[in-house]
Amino acid sequence: MSSAHPTFTGFSRDAIQFLADLAANNERAWFQPRKADYERLLKEPMERLCVALAERFTARDIPLGADPKRSPFRIYRDTRFSRDKSPYKTHLGATFPWIDDAARVGEQAGDGPHGNGGYFSFQPGEMYTGGGMWMPPKPRLDAFRRAIVEDPDGVRAALEDPTFVGWFGAAHGHESLKRVPPGYPPDHPLAELLRWKDVVFGRRLSDDEVCSADLPDLLAEGYAAALPVFRFLATLR
């Protein structure tokens, strides 16, 4: 283990409280004097979690990328086009993209936050792990809908895999159309899926789970259970 990234020992209760306090004091005047606390309580543990996950992914042959520099999202909000000018996010997230055969060694693949992969969110009262294909570009969404029409049994086999459903529950669309889009049969047995704008899944985590040194093993177990879904989504081009 690199000395730059000590062993992950779990997030702390103080980290949860820091984000709760930030939500109540979302301004630079409050955050800047406490930036070192943010780095100690949240940024550095998240980086250690990514290092630990990379080791678990390799050991379990899970083709997801976890990188301490590229996986975590920045806490700073992009407020350029938002009415809400709060400068900071009140949660910390990290993404673990699917790495396909074309990806170079050490390089994360996917389509950024809109690609296929796993996700972890650290937020008071809403700790969460999940993944899928969130708001994908139109060609990939079209490929998903074609797969539903051309191979409904294959789609069911992936999305209804018993181990996956046992861990995460049913996959769903984060957003859906009101009607089946033009060009697709409205009476199709999987018409509900044709209305989806994306394919996502998730599971809430307890504070005890995210504060445990066993969190990397728990997340890796979940992502291993989701492999049938990840593999299916990776075929969509």
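The values are calculated or read from the model by the stated rules, or taken from the named source; none is laboratory data. What you see is a predicted model, and the numbers here were worked out from it, not measured in a lab. Cβ coordinates were reconstructed from backbone atoms using ideal geometry, including for glycine residues, and neighbour counts include every protein chain displayed. Note: accessible area is taken over every heavy atom of the protein model, side chains too, but ligands, DNA and RNA are not part of it. Shrake-Rupley method; radii C 1.70, N 1.55, O 1.52, S 1.80 Å.
Please identify which residues in segment 141-185 have an amide N closer than 12 Å to a label point set 7 Å out from the Cα of Met135, following the Cα→Cβ vector. From segment 141-185, the list is 174-175.
In the chain, Cα pairs under 8 Å separated by at least six residues give a relative contact order of 21 percent. Using a simple spin-label model with pseudo-atoms 7 Å out from Cα toward Cβ, Gln17 and Tyr128 lie 2.6 nm apart. Here Asn25 and Glu221 are evaluated by their C-beta separation; at R0 = 45 Å the FRET efficiency comes out at 0.80. By accessible area, using a 1.4 Å probe on protein heavy atoms only, the chain has 49% of its surface on carbon and sulfur.
Annotation: amide H-H contacts under 5 Å for Tyr119 (H modelled 1.01 Å from N, sequence separation of 5 or more, or interchain): Phe96, Gly130, Gly131. Between Arg80 and Lys35, the contour length at 0.36 nm per residue exceeds the alpha carbon distance by 14.0 nm.
Between Val165 and Thr235, the contour length at 0.36 nm per residue exceeds the alpha carbon distance by 23.2 nm.
Only lysines eight or more places from Lys69 in sequence, or on another chain, were considered; those with a Cα closer than 19 Å are Lys35, Lys43, Lys89. What the Cα atoms of segment 1-105 give is an Rg and a Dmax of 15.9, 47 Å. Extension gain for His174 to Asp208 (0.36 nm times residue separation, less C-alpha to C-alpha distance): 9.5 nm. Each residue of segment 158-163 is assigned a 3J(HN,Hα), and the resulting list reads 6, 6, 10, 3, x, 5 Hz, derived from the Karplus form 6.51 cos²θ - 1.76 cosθ + 1.60 (θ = phi - 60°), x at Gly and Pro. Sorting the segments 72-83, 171-182 by their residues' average number of neighbouring beta-carbon atoms within 10 angstrom, most packed first, yields 171-182, 72-83.
Taking every DSSP bridge with both residues inside the chain, close to 95 percent are antiparallel. With axes computed from alpha carbons, what is the tilt in degrees of helix 215-225 against the longest principal axis of the chain, rounded to the nearest 10 within 0 to 90? With rounding to tens, the tilt is 10 degrees.
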